[in-house]
Amino acid sequence: MDWIFKGTIFLIVLGCNKNNCPIGTNNNQMIFKKNLDLIASYENGKKPVLVEEYRSAINYLSFVSGISSKADYSSTFGYQKREDFKNDMALWKKWYKKNKCLLTEKYVDSIFKKYNYTYPQ
């Protein structure tokens, strides 16, 4: 009987992976990835997007990650240089890989409040 108890504890500990994120981060992880995909699809010529959607995606990624974008915000939108697009995407993906478990509602809300930003629903 003792081995059943020890075996159960072992399986529980084995199942707890340090890479698992807290409950409540899945939605914001999905939004972060969706915004990365939206920008990449547009910049790679795969999908037309509305200006507001594009700017919202750039703002979300920039505010949440703290990594400013080099995308143009004047009368046109997008990246003037392909290299800037690739650099921004690489930085955001690196940030996401390292920090995706921080993307709780509390964290994201605090960032938006800090910058007085409202993410469109």
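Summary of values
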| read-out | value |
| --- | --- |
| Selection from the range 51-79 of residues that are surrounded by fewer than 18 Cβ atoms within 10 Å (Cβ to Cβ), part of a loop (DSSP other than H, G, I, E, B) and modelled with pLDDT of 90 or more | GLY66, ILE67, SER68, LYS70 |
| Odd one out for TYR79 among (1) over 16 Å from ILE31 (Cβ atoms); (2) within 12 Å of the chain's Cα centre (by Cα); (3) aromatic (Phe, Trp, Tyr) | (2) |
| Members of the range 80-121 that are in a loop (DSSP other than H, G, I, E, B) and loosely packed, with under 14 Cβ neighbours inside 10 Å | GLN80, LYS81, TYR115, ASN116, THR118, PRO120, GLN121 |
| Pairs with Cβ under 6 Å, 6+ apart, first in the range 102-118 and over 13 Å from ASN27 (Cβ atoms), second assigned to a helix (DSSP H, G or I) | ILE111/PHE63; ILE111/VAL64; TYR115/PHE63; TYR117/PHE63 |
| Unmet criterion (only one of (1) in contact with a Phe, Trp or Tyr (Cβ under 7 Å, 6 or more places away or on another chain); (2) over 30 Å from ILE23 (Cβ atoms); (3) of a type in the set (A, V, I, L, M, F, W, C)) for ILE67 | (2) |
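The values are calculated or read from the model by the stated rules, or taken from the named source; none is laboratory data. Since this is a predicted model, take the numbers as computed values, not measurements. Virtual Cβ from ideal backbone geometry, glycine too; neighbours counted across all protein chains shown.
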